[in-house]
Structure formats: structure tokens, C-alpha cells
Amino acid sequence: MSAAPAACDFGLIGLAVMGENLARNIESRGYSIAVNNRTTHVVDDFMKRFGEGHKFVGCHTLEDLVKAVAKPRKIMIMVKAGKPVDELIDHLLPLMEPGDVIIDGGNELYTNSIRRTKYVESKGLLFIATGVSGGEEGALKGPSMMPGGTPAAWPLVKPIFQAIAAKVGPNNDIPCCDWVGPDGAGQYVKMVHNGIEYGDMQMICEAYLLLKTTLGLTNAELYDVFSEWNMGELDSYLIEITRDIFSVKDPDTGKDMVDLIMDKAGAKGTGKWMSQLALDLGVPSTLVTEAVFARCLSALKDARVRASKVLTGPTEKYTGDKKNFIESVRQALYASKICSYAQGYVQLQAAAKENNWPLDFGGIALLWRGGCIIRARFLERIKEAFDADKNLENLLLAPYFQDAIKKSQPAWRHVIETAVKLGIPIPAFMNALAYYDGYRSERLPANLLQAQRDYFGAHTYERLDKPGTFHTEWIQLRKDPS
Ligand code: NBP
């Protein structure tokens with residue numbers, strides 16, 4: 001199939017949905033690209049569909065692929081994450097040469113990227129693990145890209161990566177791709193992006209449930225509400241596609257598509273990773289965790305159907321003003337979203353400290369402005385907040401966000417009170433408010449918790465009035481219960 005001259009600018013392995021689209025994107029920017037896939041007829045199909053008149057070289061073997069790429073070679077792996085990537089790296093290493101670059105573009109646990117960076121570097125080659133966001137369409141037209149790995153590899157791939165990435169800015173020329181940091185930093189940032197995406201999606205679904213349950217809005221009315229929201233501070237890709245979803249009819253039945261879809265959600269794992277890693281770091285990323293649990297609860301469809309027949313709740317109906325409530329839900333969504341991003345950034349800051357990554361937090365917000373699922377107007381405000389104070393402890397403390405929450409707080413609390421009264425489950429909204437109230441509390445009840453731990457396990461405690469570590473003989477000092 002190939003026997004091509006060693007002239008291609010780039011090589012790509014894995015022609016499933018992401019690889020195919022990325023390859024086409026790279027070629028469309030004027031680069032020649034050699035492509036390969038484990039199942040070789042996929043390469044043939046690809047060449048039949050896109051080969052003619054384009055600078056693709058189809059390769060049936062990894063040997064042919066490596067031969068087809070100019071040195072220093074830049075070869076990207078875009079296959080199912082995990083073991084297949086390790087196997088491919090092991091196949092490629094003896095075929096490639098010191099100075100060549102292996103790039104993994106899959107969704108990978110960052111510790112695997114750290115391990116692979118060390119391994120590939122130990123063989124004299126360079127490694128990049130890059131987050132790629134934007135799904136199928138982003139991969140083709142311009143994804144958001146978050147590369148990390150061997151720093152020396154960045155200048156070699158920068159022109160291609162920045163050419164294919166989404167562009168933003170007044171002249172549409174600022175690429176949503178820049179170097180994130182060493183080894184697994186890019187994958188960590190991509191994971192936090194995905195975790196924030198989980199939170200955003202769950203919160204939008206809660207807004208939908210509130211509007212549908214309390215006000216009985218039709219999908220046509222929901223379309224109008226989301227259209228309006230997308231013109232203001234919530235302006236984002238996820239609000240835009242949610243609006244669009246409300247307009248789609250099922251071609252078979254003519255009914256609204258959204259009403260025909262089973263209310264049972266799955267997950268591929270990046271949200272769970274972020275949540276698990278937050279626990280490891282001891283940072284409260286409660287929104288992503290709640291969003292993962294909300295999907296788990298949704299997946300218990302059969303159990304929920306059974307429980308719905310026996311468990312009771314309030315039967316009251318909402319009687320307030322419709323227009324005001326829609327605006328309150330919008331404000332509650334915005335305030336909750338601010339908390340979710342604040343948590344994501346706190347986790348990134350903790351991970352940067354633990355791994356010695358010199359992350360540019362404002363710059364990361366810019367990488368997400370275009371191409372990716374969480375792209376939003378709001379990200380500009382995050383960039384400004386970190387520009388004003390690069391050591392900002394929590395986004396909630398930035399003047400813009402302080403003010404935004406101050407303005408939306410009464411509405412946020414009203415929406416939650418209403419949901420509690422009517423028995424509507426909005427765990428992410430509630431969780432966000434609990435985080436906000438907890439974070440702004442000078443004193444929490446952990447004094448009592450420490451006393452309990454010391455009582456039953458002599459775990460000791462610190463005191464407010466003097467330094468040191470203390471233990472109390474609680475049983476000797478307690479009031480005699482008899
Ligand atoms: P998939 O994750 O569905 O993987 C399919 C590809 O992996 C095929 O090319 C397949 O080859 C290849 N492959 C497998 Br499976 N096992 C292999 C092995 N042992 N050796 C070599 N190749 C193997 O593809 P995708 O949805 O395009 O995603 C690619 C990566 O990008 C994943 O890590 C994914 O998490 C990430 N990602 C996906 C999206 C998205 O929206 N889909 C977005 C962002 C990132 P075959 O044809 O021979 O089976």
C-alpha cells in the first residue's frame with residue numbers, strides 16, 4: 001500500500017472517529033501525513049474516501065509508517081487508551097530513532113503519561129501526552145489541545161498543533177493550544193476539563209428539571225429560555241447545544257427527541273478519575289463527584305421505577321411567578337457554575353504543587369475558550385482573575401466572581417428552597433451552595449469532630465488558644481451518664 005518516500009510531515013496511528021478527523025484536519029492545513037490503523041481495511045477505506053488529491057500516505061504496517069515520516073519523526077497515537085498505547089509504544093521504539101517524537105492523543109490517566117514520558121525519554125526519544133477536546137467535530141475543524149510531556153518536543157510539534165487547534169480572539173488567530181507542562185500535566189488539565197464538563201452538564205440538567213417540574217415548560221419554551229440564556233453570561237457551547245436539543249424531533253415518530261431518550265447516563269471515567277484524585281489530594285472537588293454520583297443514580301433506572309411506587313415526597317405545586325423563577329434558575333446555575341470552576345482550579349493548583357508543574361492557570365482558561373466542550377464566554381473572566389493575581393487562592397475570592405455570587409445569591413437560595421419544598425433532586429446546585437457556605441465559614445463544626453476522634457481513638461487535636469497537640473481523657477472528665 002505505501003512504499004512512500006520519507007517525506008511526510010507527520011504520522012498518525014488509529015483511524016477511528018478521532019484519528020480520522022485529526023488526520024484530515026492536519027492535512028487540510030497543508031501538511032502531508034502518513035496514516036495507519038491496526039485493522040488494515042480501515043486504512044484502505046480512508047484512502048478511498050479521502051486519498052485522492054490529498055497529501056495522505058496510507059500505510060498497512062508500522063514499519064511503513066515510520067519510513068514514510070521525515071526526521072525528526074512526529075508520530076501520534078490515537079487509539080483506545082490504556083494497554084493498546086503501551087503496546088504501540090513498544091512496537092514503535094525499535095523502529096524510530098533518538099530525537100523522534102511519540103505523541104499520545106488519547107484520554108489517559110496522567111500517571112500513565114508520567115510513566116510513558118520517562119520510558120520513552122530513557123530510549124532517547126521525546127514523548128508528548130496531549131489532551132484533545134471537542135469530540136469528532138472539534139478534531140476535524142479545530143480542537144482545544146493541552147500538550148504536556150518532554151519539553152524539548154514542544155518546538156517540534158508546535159507549528160502543526162497550533163495550526164490545527166481552534167482559534168479565538170478578535171481576529172480569530174489565537175490558537176487554543178499551548179504547552180501545559182512536563183510529563184502528565186497536559187493529561188491532568190484535560191481530566192479537569194472533563195470533570196468541569198461533567199459538572200456543567202449535570203447543572204444544566206438540574207436547571208432543565210426545575211423548569212420542567214415547577215413551571216411545566218414545554219420543549220419549545222425551554223428552547224426560548226436557553227436561547228436567551230446563551231446571549232448572556234452563560235453563553236457557552238453546552239447551553240447552545242442544549243437549546244438545539246429542545247428543537248429536534250424524532251424522524252420516526254415526530255415526537256420531541258429529548259422526551260424519548262431513556263433517563264439513564266453512563267460515563268467513560270475521566271470524571272471518576274478527577275474525583276478519586278481530589279480525594280487523594282484532600283481537596284473538596286464536590287461538584288464533579290456529585291455529577292458522577294448523579295449519573296450512577298440515574299443508571300439505577302429499574303430500582304428508581306420500583307422506589308417511585310412506594311416512596312413518598314411532597315405533593316405541593318409551584319405557585320410563584322413564572323418569569324421570576326426562570327431568572328432565578330439562571331442565576332442559580334451561574335453561581336453553581338462559578339463554584340464548580342473554583343473547585344476545578346483548586347484541584348489543578350494542588351496537583352501542580354504536588355507534581356512540581358509550573359502551570360499557567362490563566363493560560364489554561366484560554367486553551368478552553370474554543371474547540372472544546374466547556375468553551376464559554378465565562379473563561380475570559382477566569383483569565384482576567386489570574387492575570388490580576390497569579391497566586392489567587394480560589395476563584396471565589398476574585399472581585400468579579402465575588403460580585404457575581406453576591407448578586408445571584410438570593411435567587412440561588414430561593415431556587416434551592418423551592419426544590420427542597422417540592423422534592424426536586426438538584427444535588428449539584430445544593431452541593432455548590434454547601435461548598436460556598438462552607439468555604440466562607442470562619443468556623444466549621446470540625447472542632448466537635450476532632451473531639452470525637454480523640455475520644456474514641458486518641459487521635460489528638462490542636463487548640464485555638466495555644467499551640468501544640470493535645471489529648472484529653474474524655475471518659476474521666478465527662479459527666480457521669482448514670
Ligand atoms: P476508540 O477509543 O474507539 O479506539 C478505536 C481505535 O483504537 C481503532 O483505531 C482501533 O483499531 C484502535 N485499537 C484498539 Br481498540 N486496540 C488496539 C491495539 N491493541 N493496537 C492498535 N490499535 C488498537 O477511538 P476514538 O473514539 O477515536 O478515540 C481515540 C482516543 O481519543 C481515545 O483515547 C479516546 O478516549 C480519546 N478521545 C475521544 C474523544 C471522542 O469524542 N471520541 C474525544 C477526545 C478524546 P481497530 O480499527 O483495529 O479496532
**Prompt:** Helix 270-281: angle to the longest alpha-carbon principal axis of the chain, degrees 0 to 90, nearest 10?
**Reply:** 60 degrees
**Prompt:** To the nearest 10 degrees, how steep is helix 40-50 against the longest Cα principal axis of the chain, on a 0 to 90 scale?
**Reply:** 90 degrees
**Request:** Kindly rank 438-444, 386-392 from highest to lowest mean number of other beta carbons found within 10 Å of each residue.
**Result:** 386-392, 438-444
**Message:** Please compute the length gained on full extension between K268 and S308, using 0.36 nm multiplied by the number of residues separating them and subtracting their Cα-Cα distance.
**Reply:** 11.6 nm
**Prompt:** Dipole magnitude of the stretch 429-482 about its Cα centre, charges +1 at Lys/Arg Cβ and -1 at Asp/Glu Cβ only, in debye to the nearest 20?
**Reply:** 40 debye
**Fill in**
Cross-link reach from K67 to aspartates and glutamates, straight Cα distance under 13 Å and at least 8 residues apart if same chain, gives D9, E97, D100
**Prompt:** Can you list the aspartates and glutamates whose alpha carbon is less than 13 Å from that of K390, not counting same-chain residues fewer than 8 positions off?
**Reply:** D360
**Request:** Report, in degrees rounded to the nearest 10, the 0 to 90 angle that the Cα long axis of helix 17-28 makes with the longest principal axis of the chain.
**Result:** 60 degrees
**Request:** Please name which of L477, H459, Q402 has its Cα lying farthest along the dipole of the stretch 330-482 towards the positive end, using unit charges on Cβ (Lys, Arg +1; Asp, Glu -1) and the Cα centre as origin.
**Result:** Q402
**Prompt:** What is the magnitude of the charge dipole of the stretch 11-54 about its Cα centre, with +1 placed on the Cβ of each Lys and Arg, -1 on the Cβ of each Asp and Glu, and no other charges, expressed in debye to the nearest 20?
**Reply:** 80 debye
**Prompt:** How big is the equivalent ellipsoid of the stretch 48-170 along its three axes, where each semi-axis is √(5λ) from the Cα gyration tensor, reported in whole Å from largest to smallest?
**Reply:** 22, 19, 15
**Request:** With a point put 7 Å past each Cα toward its Cβ, work out how far T111 is from H459 in nm, to one decimal.
**Result:** 2.4 nm
**Quarter of the Cα convex hull surface for the chain, i.e. its orientation-mean projected area (nm²)** = 30.2 nm²
**Full-stretch length increase - K249, A152 - with 0.36 nm per residue and alpha-carbon distance subtracted** = 29.8 nm
**Asked** Do the alpha carbons of any pairs in K158/K190; K212/K421; K337/K406; K190/K353; K80/K249 sit beyond 21 Å of each other, and which pairs?
**Response** K80/K249
**Prompt:** Out of P94, A165, P151, whose Cα points farthest toward the positive end of the dipole of the stretch 41-166 (charges: +1 Lys, Arg; -1 Asp, Glu; placed on Cβ)?
**Reply:** P151
**Message:** Can you give me the convex hull volume of the Cα atoms of the stretch 119-221, divided per residue and expressed in Å³?
**Reply:** 137 Å³
**Request:** Excluding residues fewer than 8 places away in the same chain, name every one of the aspartates and glutamates whose C-alpha is closer than 16 Å to that of K317.
**Result:** E417
**Student exercise, the stretch 293-444 dipole from Lys, Arg, Asp, Glu Cβ charges, in Debye to nearest 20** = 700 debye
**Message:** Report the gain in length on full extension from N391 to S122: 0.36 nm times residue separation, minus Cα-Cα distance, nm rounded to one decimal.
**Reply:** 93.4 nm
**Message:** Ranking request for peptides 216-226, 445-455: highest mean number of other beta-carbon atoms within 10 Å first, then the rest in descending order.
**Reply:** 216-226, 445-455
**Item:** Approximate spin-label separation D321-L422, in nm, with each point projected 7 Å along Cα-to-Cβ
**Value:** 1.7 nm
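Read-outs throughout are calculated quantities, based only on the coordinates presented, and are distinct from any laboratory measurement. On a predicted model such as this, the values are computed, not experimentally measured, just so you know. Here Cβ is always computed from backbone atoms with ideal geometry, including for glycine, and neighbour counts include all displayed protein chains.
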